[in-house]
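Novice: This structure is in structure tokens; I'll ask about it shortly.
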Amino acid sequence: MTLPARVVILEDEAPARQRLEEAIRRLAPATTVVAALPSVAQAAAWFAAHPAPDLVLADIQLADGLSFELFERGALDAPVVFCTAYDEYVLSAMAAGGIDYLLKPVRDDDLARALDRYQRLEARFAERVRGVARALARPPRRLLARRRDGFATVALDQVAYFVVDDKLVDVVTRDGRRLGLDRTLGELEAELDPVEFFRVNRQYLVAAGAITGFRPWTKGKLAVELAPPATGPVLVSQDNAARFRAWLRG
């Protein structure tokens, strides 16, 4: 898990600011305190001019008002650990999105607990982001293809192979339909599951289920047999033959 790299401290009392900075240096030496600000106005100006930090340690009562104002203005867009001498703001602090609430004087073990909570929340958020990325990276389950009178959808599990014909890409379905695509073979290869589809050469990207067999060809090449049949030989080069065999074996 990752500790915050950049921390901002909002505290109007100089001794308290110094104690928090020293505690951060002890507990998280790789973390940098990028700003220590005493007022709501200065904090709002700083957040408007700089990228959001990874974490904010905020007193509630600052020199010119309550730090909650930063949330109301939409100025603060980072997780916050509130550090205050007053316990009556707990509910307001949590409603504002605080991840922890520490009472002054802030002890090292309390701050360490807050940093640990940040780490766990950050790890959970990162995993959710990775999950979204994996979902977005999943290949499409159907394709939009061109036909003479308009467009048609083709389910991916009905695709036999893609073929380049006169610089245009066609999709050939298992039932023998042949439709045009506004895609390149390279784009399709990058999007589709490499377990299910193999780029046998510059012209053909084939589905595993469409291969009925293969046979030796000249100069160490392989001739792939497809269903429905291709209009000409579908050849795998000698350099690519071993990888093709391994792919077929799964």
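No lab work stands behind these numbers, since they all come straight from the coordinates. This is a predicted model, so every value here is computed, not measured. All Cβ positions, even for glycine, are placed from backbone atoms using ideal geometry, and neighbour counts span all protein chains on display.
Novice: Could you derive backbone 3J(HN,Hα) for the range 101-117 from the dihedral phi with the Karplus parameters 6.51, -1.76 and 1.60 (θ = phi - 60°), listing whole Hz in sequence and x where the residue is Gly or Pro?
Specialist: Using θ = phi - 60°, the values come out as 9, 10, 8, 6, x, 6, 8, 4, 5, 5, 5, 4, 5, 5, 5, 5, 5 Hz.
Novice: In debye, nearest 20: dipole of the chain around its Cα centre with unit charges on the Cβ of K, R (+) and D, E (-)?
Specialist: It comes to approximately 2060 debye.
Novice: A follow-up question, please. Mind listing the phi-derived Karplus ³J(HN,Hα) values for the range 166-181, rounded to whole Hz, using 6.51, -1.76 and 1.60 with θ = phi - 60°, and x for any glycine or proline?
Specialist: My calculation for the range 166-181 gives 6, 6, 10, 9, 10, 10, 10, 8, 5, 8, x, 6, 10, 10, x, 10 Hz in order.
Novice: Find out how many positive minus negative residues lie around Arg147, taking Lys and Arg as positive, Asp and Glu as negative, among other residues whose Cβ is under 13 Å from that of Arg147.
Specialist: +1
Novice: When only Cα pairs under 8 Å and 6 or more residues apart are kept, what is the percent relative contact order across the chain?
Specialist: Relative contact order, the chain: 11 percent.
Novice: Here are several values of Cα extents along the principal axes in Å: [x] 56, 37, 34; [y] 70, 42, 32; [z] 82, 42, 28. Which one was derived from the coordinates shown?
Specialist: Checked against the structure: label [z].
Novice: Note the angle between two axes, namely the Cα long axis of helix 40-49 and the longest principal axis of the Cα atoms of the chain, as a number of degrees from 0 to 90, rounded to the nearest 10.
Specialist: Long axis of 40-49 versus the principal axis of the chain: about 20 degrees.
Novice: Then there is this: So which trypsin sites (Lys or Arg not before Pro) in the range 1-81 pass both tests, a DSSP loop state and at most 16 other Cβ atoms within 10 Å of the Cβ?
Specialist: Arg73
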